[in-house]
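Report on the structure given below.
The values are calculated or read from the model by the stated rules, or taken from the named source; none is laboratory data. Nothing here was measured: the structure is a model prediction, and the numbers come from that model. For neighbour counting, all protein chains shown are included, and Cβ atoms are generated from backbone atoms with ideal geometry for every residue, glycine included.
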Amino acid sequence: MAKLWGGRFTKETNKLVEEFTASISFDQKLVKEDIAGSLAHVQMLGECGIIPVGDAEQIKHGLLAIKKMVDDNEVEFLVEDEDIHMNIEKLLIEKIGPVGGKLHTGRSRNDQVATDMHLYLKTKTTELIQLLADVQQAIIDQAKENVQTLIPGYTHLQRAQPVSFAHHIMTYFWMFERDKERLQDSLKRVNWLPLGAGALAGTTFPIDRERVAELLGFETVYPNSMDAVSDRDFILEFLSIGTIIMTHISRLSEELVLWSSQEFQFIELDDSFCTGSSIMPQKKNPDVPELLRGKTGRTYGNLIGLLTVLKGLPLAYNKDLQEDKEGMFDTVETLEGSLKLLAPMIETMTINKDVMRKAINNDFSNATDIADYLVRKGLPFRDAHEIIGKIVLYALNHQKFLLDLSFAEYQGFSLLFERDIYEVLAPEHVVAVRSSFGGTAPEQVKAQIKLAEGKLQK
């Protein structure tokens, strides 16, 4: 069968050109969106009297029949029909005859494909918001069980101050909350309808774009036809948000890899999220968080790829824009797979509370509290800082920790020390006194969890 656009041409398309320019291998993912857009478009054509109502009904039934064939996996998409739009239109004409050719009245593939991608991202963005909420719930569940569990807090990957494990893990809740907000906000830009813009200049037919927007659930239509067919900002925004989400997933994954190592042993990942070695039988490898960390690079590449495609394009539509889809699909699928694994992995991991506590007992993360202690006795902070530095050096040289030093040793550095210094240095006290809003004190962590639960219930 000749190309649906082939009237102007005198030669068949070179097979290599067909293969190189065809997008059906990947844009068939838009089949349901393409049919949905066509159903709304043909309904509007009938309502506006642009085509006979009987023709519109026939086209509608033909499209619904094709949709059922797609649902039943009975459709074979062909490279020679280039893309999802031409494949569907050809199937429609084969099914209902020449009247199927009236479907394309008042539109172009340029506004059609843009509409498909808007519809696709509307659905996927909403689904990703829910997947992020599932991860957040898993974090909350672990936090609730570990408000009193203490873990070394780090800066520069050096032990800094003890914190509640719940406080530590809740950091990621708030990262993912901002990600959700970014996705929710991006829907305002996704909810613009391009259909009806034509190839670039609109159409001579008296179409009702607002009616199509209503049928498809869009909030507004593009006011500029050239912008409608050439805009890919909504995909760029999605890809940008996707890279931020994967960055957060990667940071959490890095900690899970570290914490599950023999050197840390702070957690143990469930066997169902780990693999073994083909040669070393003792190994339990954290493959899932490692892959989550590694797949982050894919999303970075997808964002940079589309930015590069767009940076020098003149208005309006150019074939370069065909390169907008594969990266979008890949980022969506990477996010879906990552978030679906992350939630149950967090839920099922074992927290080794005793190991975490032992780590805190064997470090100097309570040193800041001695400085604060001396400041409250009237010593300037810089003087207190110097004294504590000398105490830490002394303890290191004598292979002791701060709670191991005798009262006489403390008084050798300053007579301001009293016997209550040991209460001040107790890890539970160190954590409990950090009770400013957002701090790691148990009552503040509980309040934070309650606030987080409120966010999820909205």
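Going by the structure shown, is E423 assigned to a helix (DSSP H, G or I), in contact with a His (Cβ under 7 Å, 6 or more places away or on another chain), assigned by TED's automatic domain parsing to the domain that holds L374 and free of Cβ contacts under 8 Å to residues at least 40 places away in the same chain? The answer is yes for E423. Across the range 138-164, the qualifying residues are those that are touching a strand residue (DSSP E or B) at 6+ places or on another chain (Cβ under 9 Å) and part of a loop (DSSP other than H, G, I, E, B), and the one among them that is surrounded by the fewest Cβ atoms within 10 Å (Cβ to Cβ) is Q148. Residues in the range 225-251 that are of a type in the set (G, A, S) and buried (at least 24 other Cβ atoms within 10 Å of the Cβ): A228, G242.
Residue check: is E418 surrounded by 12 or more Cβ atoms within 10 Å (Cβ to Cβ) and part of a loop (DSSP other than H, G, I, E, B)? Judged against the criteria, E418 is a match.
Considering the range 225-237, the residues that are acidic (D, E) and under 24 Å from the mean Cα position of the chain (by Cα) include one that is farthest from L121 (Cα to Cα), namely D231. Within the range 249-259, not a single residue is touching a strand residue (DSSP E or B) at 6+ places or on another chain (Cβ under 8 Å) and more than 22 Å from M356 (Cα to Cα). Return a yes/no flag: does the range 74-90 have any residue that is among the charged types (D, E, K, R) and over 22 Å from I24 (Cα atoms). There is no residue in the range 74-90 that is among the charged types (D, E, K, R) and over 22 Å from I24 (Cα atoms).
Number of residues in the range 191-224 that are more than 31 Å from the chain's Cα centre (by Cα), outside any loop (DSSP other than H, G, I, E, B) and surrounded by fewer than 21 Cβ atoms within 10 Å (Cβ to Cβ): the value is 2. Scanning the range 92-116 for residues that are surrounded by 22 or more Cβ atoms within 10 Å (Cβ to Cβ) and aliphatic (A, V, I, L, M), we see that the one that is nearest to L30 (Cα to Cα) is V113. Residue pairs whose Cβ atoms lie under 9 Å apart, sitting 6 or more positions apart in sequence or on different chains, and linking a residue in the range 56-73 that is on the phi < 0 side of the Ramachandran plot to a partner that is acidic (D, E), are A56/E47; K68/E74. Can we say V135 is assigned to a strand (DSSP E or B), of a type in the set (V, I, T) and either touching a residue at least 24 places away in the same chain (Cβ under 8 Å) or in the same structural domain as T334 (by TED's automatic domain parsing) (or both)? The answer is no for V135. The set of residues in the range 428-450 that are assigned to a helix (DSSP H, G or I) and touching a Ser or Thr at 6+ places or on another chain (Cβ under 7 Å) comprises V431, P442, E443, Q444, V445. I84 satisfies every condition listed in (1) at pLDDT 95 or above; (2) over 30 Å from T348 (Cβ atoms); (3) not small (G, A, S) except (1). For the range 116-128, name all the residues that are of a type in the set (S, T, Y) and within 8 Å of E33 (Cα to Cα). If the condition is that a residue be of a type in the set (S, T, Y) and within 8 Å of E33 (Cα to Cα), then Y120 is the only one that fits. Restricting the range 49-77 to residues that are surrounded by 15 or more Cβ atoms within 10 Å (Cβ to Cβ) and under 37 Å from the mean Cα position of the chain (by Cα) leaves a set whose member that is farthest from V17 (Cα to Cα) is K60.
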